[in-house]
Amino acid sequence: MTTDRFARFAIALLLLAAAPASATVANPTIEGPITGPGMPFVAAGGLNLATLGYMEEEFFISGTATSYAPTGPLASDGKWSVAPATTAPYKTRIIVFRPIDHQRFKGTVIVEWDNVSGGVDAAPDWITAHTEMIRDGMAWVGVTAQLIGVIGGAAIPGLGNLGLKSVNPARYASLVHPGDSFSYDMFAQAGRAVREPMGPSPLGDLAIKKVIAVGESQSAFRMVTYVNAIHPLGDAYDGFLIHSRGAGAAPLSQAPQAAIPVASPAFIRDDLDVPVLTFETETDLTTLGYLSDRQPDTGRFRAWEVAGTAHADTYTLLVGMTDTGKSSAAADLVVTSAPIPGIIMCDSPINSGPQHWVLDAAFAALNRWVRRHSRVPPRAPRLETVGGAIARDAHGNALGGIRTAQLDVPIATYSGSGQTGSFFCFIFGTTVPFDDATLAGLYPTHQAYVADFGAATDRALRLGFIQKADAKLLKKSAALSHIGE
């Protein structure tokens, strides 16, 4: 090879290396911000974003979505090879929350695969961890990736059809969803729309540095399939938070296309080029079966299992909708068996454990990991199990796992299982407050309780499982309580 030909060859290699990793992901057309009629459906909840220095906008993205077929076995090791199959036109929506002041934006965008388990487009990760996102200057994008979110479907009894095209036919009349076999590519295209918009930019002129994909519960199952099968085809995302998955993963394809199931257990592939953090509650291990899908930590994978937590809890269902991140009341013990009165009625008080606080730390840790690969999240101890059940102490609280003051200085038994009642109650866990005699035996004085609680919180803070701002709120709540008085 001549010197001139070698130079051209070297330049070509450099250009290939510099090409955007997301080049194989189609760039959708973007419309917006959408101004009406009506308002975006199920977005900020009860929060006034403006008072928090954030703004809300809705956009439509459209184009041609691809479904996929396997080119090899979809085995438990997660090293799945797939190829494009059929295509179909689509049009869906994304919701954007971003700082009004550009200086508050630190460069990270969280893109959430909206959850449709209840027949409604919902954003459980925004609800549960928005206080950390706002503190850390992140932007958030919610993606209506699945068919039910657009047209509605199996819903919580008593709520009716909550698909976008039903709740606001005029605003969402133009949306088209070809089926969930195409949802993976639609979600990939949403990531590219954020990073390299073709049309109006959903993030305005904010300088984006990293884009992280997240999904909770039903969306977490789909995130496992996305990471193992779709991510290697084109890197639309710089990292993933898989929140509350169970055993297995979502099918690669489903009706009305040919069904293509995947192996169970389904491990996260170990040849990833981006970080993945899996966040698990007690419910996920036992009720949803994640116990069979456990895998060791690696240089690109972390698993956090949190003691005293349920798949959904009082923060997810009640507190988080209006939490500004400044009140210690978010740390108070909430005792209720009716998270949605008249619609969801459980037989026992649902879980009010520490999931929110540790999830805040997970978002912060993953953000640092993605931004600076040397800042790897701490390895977390796994929950202790015996015969497929979580091992428990004399008070009925879990042994092992990520520890917080709620578990090590307890005033109640927190569990991710044991709940009965109406629709969805089985994933809400339980809270059983200690009686007066038990509390008196554990904490003879209020000062003793506050000191022990503070020490346990500081320990979790040092280990990296609680954020500093949250530790302050937790300790304030303990000081304001009447435990030991």
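With every protein chain present, what is the per residue accessible area of the chain (1.4 Å probe, Å²)?
Heavy-atom accessible area per residue stands at 38 Å².
For a quick check: with amide H placed at 1.01 Å from N, whose amide H comes under 5 Å from LEU288's, ignoring anything fewer than 5 positions away on the same chain?
none
Mind checking which lysines have their C-alpha under 24 Å from LYS326, skipping anything on the same chain fewer than 8 residues away?
Correct list for LYS326: LYS106, LYS468, LYS472, LYS475, LYS476.
What size of dipole, in debye to the nearest 20, comes out for the chain about its Cα centre when the only charges are +1 on Lys and Arg C-beta atoms and -1 on Asp and Glu C-beta atoms?
Roughly 1240 debye, rounded to the nearest 20.
Suppose every Lys and Arg Cβ carries +1 and every Asp and Glu Cβ carries -1, with no other charges. What dipole size does region 278-437 come out with about its Cα centre, to the nearest 20 debye?
In debye, rounded to 20, region 278-437 gives about 940.
Mind pulling the angle between the C-alpha long axis of helix 183-195 and the longest principal axis of the chain? Nearest 10 degrees, somewhere in 0 to 90.
80 degrees
Can you check how the C-alpha radius of gyration of the chain compares to 2.2 N^0.38 Å, as a plain ratio?
Expressed relative to 2.2 N^0.38 Å, the Cα Rg reads 0.99.
Could you point to the residue in GLY421, THR24, GLY464 farthest towards the positive end of the chain's charge dipole, with +1 and -1 charges on the Cβ of Lys/Arg and Asp/Glu respectively?
Of GLY421, THR24, GLY464, it is THR24.
LYS91: which lysines have alpha carbons under 26 Å from its alpha carbon, excluding same-chain residues fewer than 8 sequence positions away?
In chain and number order, the partners are LYS165, LYS210.
Using a 1.4 Å probe on the protein heavy atoms only, what accessible surface does ILE151 show? Give it in Å² to the nearest 10.
Its heavy atoms expose roughly 80 Å² to the probe.
How big is Rg to Rh over region 271-322, alpha-carbon atoms, Rh as the Kirkwood inverse-mean-distance radius?
1.07
Relative contact order for the chain using alpha-carbon pairs under 8 Å, separation at least 6, rounded to a whole percent?
13 percent
Treating the beta-carbon of each Lys and Arg as +1 and of each Asp and Glu as -1, no other charges, what is the dipole magnitude of region 136-234 about its Cα centre, to the nearest 20 debye?
Using only the charged Cβ atoms, the result is roughly 80 debye.
Could you state the per residue volume, in Å³, of the convex hull enclosing the Cα atoms of region 370-485?
So the per-residue hull volume is 154 Å³.
Could you compute how much accessible surface GLU384 exposes when probed at 1.4 Å, giving the result in Å² to the nearest 10?
Rounded to the nearest 10, that gives 90 Å².
For labels at ALA329 and ILE151 in the simple 7 Å Cα→Cβ model, what's the distance in nm?
So the label points at ALA329 and ILE151 sit 4.3 nm apart.
Angle check, please: helix 468-480 long axis (alpha carbons) against the longest principal axis of the chain (alpha carbons), in degrees 0 to 90, nearest 10.
20 degrees
Using the Karplus equation 6.51 cos²θ - 1.76 cosθ + 1.60 (θ = phi - 60°), what ³J(HN,Hα) coupling, rounded to whole Hz, does each residue of region 282-293 give in order, writing x for Gly and Pro?
Karplus values, whole Hz, x for Gly and Pro: 4, 4, 5, 5, 9, 4, 9, x, 4, 3, 6, 9.
What is the percent carbon and sulfur in the accessible area of the chain, measuring with a 1.4 Å probe over the protein chains and ignoring ligands?
Reported share for carbon and sulfur atoms: 60 percent.
Expected output is a single nm value to one decimal: the length gained when fully extending between ARG104 and VAL432, i.e. 0.36 nm times separation in residues minus the C-alpha distance. What is it?
Roughly 114.0 nm would be gained on extension.
The values are calculated or read from the model by the stated rules, or taken from the named source; none is laboratory data. This structure is a prediction, so every number in the text was calculated from the model and none was measured. Cβ: placed from backbone, ideal geometry, glycine included. Neighbour counts: every protein chain shown. Side chains included, ligands, DNA and RNA excluded: accessible areas come from the protein's heavy atoms. Shrake-Rupley method; radii C 1.70, N 1.55, O 1.52, S 1.80 Å.
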